[in-house]
Amino acid sequence: MKREASLDAPAGGKLIHGAAVSTSGLNGTALLERAFAFAFRGLVYPQIWEDPEEDMAGLEVKEGDRLVTISSGGCNALSYLTAGPAQVTAVDLNSAHVALGNLKRVAVTHLPDYAHFRRFFGDADAKENVEAYRRHIAPHLDERSRAYWEARDMMGRKRIGIFARGAYRYGLLGNFIGLAHFLARLHGVNPRDILKAEGIEAQRAHFEAQFVPIFDKPLIRLLTNHPASLFGLGIPPAQYDKLAAGRSMATVLRERLEKLACDFPFAENYFAWQAFGRAYEKTPAASLPPYLQERHYDALRERIGRLDVIQANMTDHLFKQEAQSVDKFLLLDAQDWMTDRQLNELWGQICRTAAPGARVLFRTADEPSLLPGRLAQGLLDMWDYREDRSAELTKQDRSSIYGGTHLYVRRD
């Protein structure tokens, strides 16, 4: 079924501008915010960088639940379907992310089998994918998503061609990881080599010997000492300050990379494969997002009609929903971007639409929850902060980039 209203946001990036730009004038902060908003209008995340298994465990997603999530690369929205919820609505400001989410949604139904699906979104680097798109996917895509994928890039190539060249090397995140690999090789380190380490102890030994010295290099400290350096991670200027928390960014990035490299076996962490290998491992036993795992494929095809992907601001979307109609909310790290006014408007709608026992999960660049002291007390009092469970979830997050994962449960 075609969904013609899936990209119904105002033209010119107004949604992104409204979310990312909070400073007026021509000062340095305002110019950085505008530069980020411009960069964020294209494809940012070919893969979402939040752990869906942690999300589903923390939210206790079950059959019959109604979820609302920020889409980003769309991987997690599809992965949540493996738990059997009644509805998943993925919203995003970015039209490229909506087009990617719609591409995946249609591909689940119309690609011939799991092998085609795994080749398209798992390997994402075969010329046969372009023909599969033309034959099986394009005829079923909504008009605006199809227009996005068939438009041409600056080199005159159709955008859909990234799935023939390694899709995870593209977008702001893919480019950022590519630049990080270049800088590492400039200092004599090939990031891919750590993937050969067998076991946690070998991973840590390799990290300490090869990666730790890089973060003390003058060039790395210079480059990371400016908010624009992390635009490729989708981190706006306001979030850069929260991530730094008064320390040098090189130190913070080393700590986050250490967790990614040393806290989880690579055989169980596809985020590490994307960071160090720029692709998923190509073996039958590879660690993959739940939606790409063969054991979930039949259920995913059966449930894909429960997923909607729309372009909208989360607050505006919730404003249109009925009271007490949502069981689970996933906000990613979007609140790090927000002013106090935006934060209170969002939670005003969350409180109105939250069903009894509803759960909210979000991440922050810094460790503490950002709600105390910023959210109106009347709104905050409706929720129980699960501090111990939040600490557990933070420790278990394989993506490793965030300082904190936070879980709130609506009080009876």
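The table that follows gives values for the structure above.
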read-out: With DNA, RNA and ligands ignored, accessible area of Val68 (1.4 Å probe; Å², nearest 10); value: 10
read-out: Longest segment of the chain lacking trypsin sites (Lys or Arg not before Pro) that sit in a DSSP loop with at most 14 other Cβ atoms within 10 Å; value: 321-410
read-out: Sequence of His406, His206 when ordered by accessible area, the most exposed leading, probe 1.4 angstrom; value: His206, His406
read-out: Estimated 222 nm signal from helices in the chain, with DSSP H stretches of n ≥ 4 weighted -39500 (n - 2.57), rounded to 500; value: -11500 deg cm²/dmol
read-out: Rg in Å to one decimal, and Dmax rounded to a whole Å, for segment 173-325 via C-alpha atoms; value: 19.2, 57
read-out: Computed log₁₀ I(q)/I(0) - Debye formula, equal Cα scatterers, no solvent, segment 87-201, q 0.18 Å⁻¹; value: -0.99
read-out: Solvent-accessible area per residue, Å², over segment 273-412 with all protein chains present [probe radius 1.4 Å]; value: 43
read-out: Accessible area (Å², 1.4 Å probe, nearest 10) - His296; value: 30
read-out: Percent breakdown of C-alpha pair distances by 10 Å bin, ordered from the shortest bin, for the chain; value: 4, 22, 34, 28, 11, 1
read-out: Length gained when the stretch His317-Glu387 is fully extended (0.36 nm per residue, less Cα-Cα span); value: 22.4 nm
read-out: Carbon/sulfur fraction of accessible area - the chain, other protein chains in place, 1.4 Å, %; value: 53
read-out: Shape category assigned to segment 41-90 from the gyration tensor of Cα positions, a/c cut at 1.5; value: prolate
read-out: Fully extended contour minus Cα-Cα distance, from Glu268 to Glu143, at 0.36 nm per residue; value: 41.2 nm
read-out: Solvent-accessible area of Glu268 with every protein chain in place, 1.4 Å probe, in Å² to the nearest 10; value: 110
read-out: Candidates Gly348, Gly378, Gly178: whichever shows maximal mean-square fluctuation once the chain is modelled as a Gaussian network with Cα springs under 10 Å; value: Gly378
read-out: Heavy-atom accessible area order for Leu318, Leu219, largest first, 1.4 Å probe; value: Leu219, Leu318
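The values are calculated or read from the model by the stated rules, or taken from the named source; none is laboratory data. What you are looking at is a predicted structure, and each value in this text was computed from that prediction instead of being measured. Counting neighbours? That spans all protein chains shown, and the Cβs are built from the backbone with ideal geometry, glycine included. We work out accessible area using only protein heavy atoms, side chains counted, and drop any ligands, DNA or RNA first. Shrake-Rupley method; radii C 1.70, N 1.55, O 1.52, S 1.80 Å.
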